[in-house]
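Asker: If you scroll down you'll find the structure; I have some questions about it.
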Amino acid sequence: MKGLVLYSSRTGRTRKLARGLYEKLKDWDVDIQDTKDKPNIEAYDTIFLGFWAYKATIDPSVEKILDQLKGKDVYVFGTLAYYDDSDHAYRVRTNAIQAVEDHGARCIGSFITMGGLDQARVEAKKQAKRPLKHPLTKASLMRYDLTKDYPTDVDIAYLAEKVNLKLKIMEESGGDL
Ligand SMILES: Cc1cc2nc3c(=O)[nH]c(=O)nc-3n(C[C@H](O)[C@H](O)[C@H](O)COP(=O)(O)O)c2cc1C
């Protein structure tokens, strides 16, 4: 297995998760790159693909590299600005799996967690003149505040544990899961 943690991140949440995962994959032959760095994906058979939720699916930067995933094993992980145990998160996760499978990759796992919304966007929402699709409520403001430092070490540890488990099984089984 030659793996690449490949991630996209606007405001650092997915980067935090990606770097945390990478740190916990020290036993494996794994590199890490940002999609912005135009990585050579060809050299890897397994991609740990980090995205941020955009319109209920993967973000545009990850969308752009999907064509290069054909024939690869892909573990998708993402952050979103809503509850990770919600229907919305389930839809985002399902759409991400579908996107990689539609491009000829085998999805070997998926994970989504809360990343919070960046403060600039919260402020823009507060100042908005037009009615918002998702109006600010006491609950949403609290959620943005309480999740501003997410993902947490617990999220990172959980993701890394699942990924390590699968890599071990795949190594022993010749790639089976
Ligand atoms: C243009 C745009 C669209 C977004 N769409 C969604 C969405 O559909 N669902 C959601 O939960 N979060 C959405 N978000 C929030 C981000 O996915 C979330 O804040 C994420 O954790 C940001 O990750 P990053 O810090 O790695 O950029 C959107 C953010 C932006 C800027």
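The values are calculated or read from the model by the stated rules, or taken from the named source; none is laboratory data. Just so it is clear, the model here is predicted, and its values are computed rather than measured. Glycine gets a Cβ as well: all are built from the backbone with ideal geometry, and neighbour counts include every protein chain shown. When the accessible area is computed, the model is the full protein with side chains, heavy atoms only, and any ligands, DNA or RNA have been set aside. Shrake-Rupley method; radii C 1.70, N 1.55, O 1.52, S 1.80 Å.
Asker: Under a straight-distance cross-link criterion of Cα-Cα below 12 Å, which aspartates and glutamates are reachable from Lys168, leaving out those fewer than 8 residues away in the same chain?
Answerer: Within the straight-line cut-off, Lys168 pairs with Asp27, Asp176.
Asker: Next question. Run the accessible area of the chain with a 1.4 Å probe and give the carbon-and-sulfur part as a rounded percent.
Answerer: The C+S portion of the solvent-accessible surface of the chain is 49 percent.
Asker: Going by average Cβ neighbours within 10 Å, how do the peptides 58-66, 24-32 rank, with the highest at the top?
Answerer: Highest-to-lowest ranking by the protection proxy: 58-66, 24-32.
Asker: Considering only DSSP beta bridges where both residues belong to region 1-86, give the percentage that are antiparallel (nearest 5).
Answerer: 5
Asker: Could you state the accessible area per residue of region 81-127 in Å², with a 1.4 Å probe and every protein chain left in place?
Answerer: Spelled out: the 1.4 Å probe surface of region 81-127, per residue, equals 54 Å².
Asker: Based on a Kirkwood Rh over C-alpha pairs, give the Stokes-Einstein translational diffusion coefficient of the chain at 20 °C and viscosity 1.002 mPa s in µm²/s.
Answerer: Translational diffusion coefficient: 128 µm²/s.
Asker: I need the peptides 69-81, 36-48, 95-107 ranked by packing, meaning the mean over residues of other C-beta atoms within 10 angstrom, with the highest value on top.
Answerer: 69-81, 95-107, 36-48
Asker: Can you give me the span-like helices of the chain, meaning DSSP H runs with 18 Å or more of Cα extent along the axis and Kyte-Doolittle mean at or above -1.0?
Answerer: 87-102, 153-173
Asker: Still on this structure: Within region 1-153, what percent of beta bridges assigned by DSSP are antiparallel, to the nearest 5?
Answerer: Percentage antiparallel, nearest 5: 5.
Asker: Which order, highest average first, do 116-128, 3-15 follow once you tally other Cβ atoms within 10 Å for each residue and take the mean per peptide?
Answerer: Ranking the peptides 116-128, 3-15 by packing returns 3-15, 116-128.
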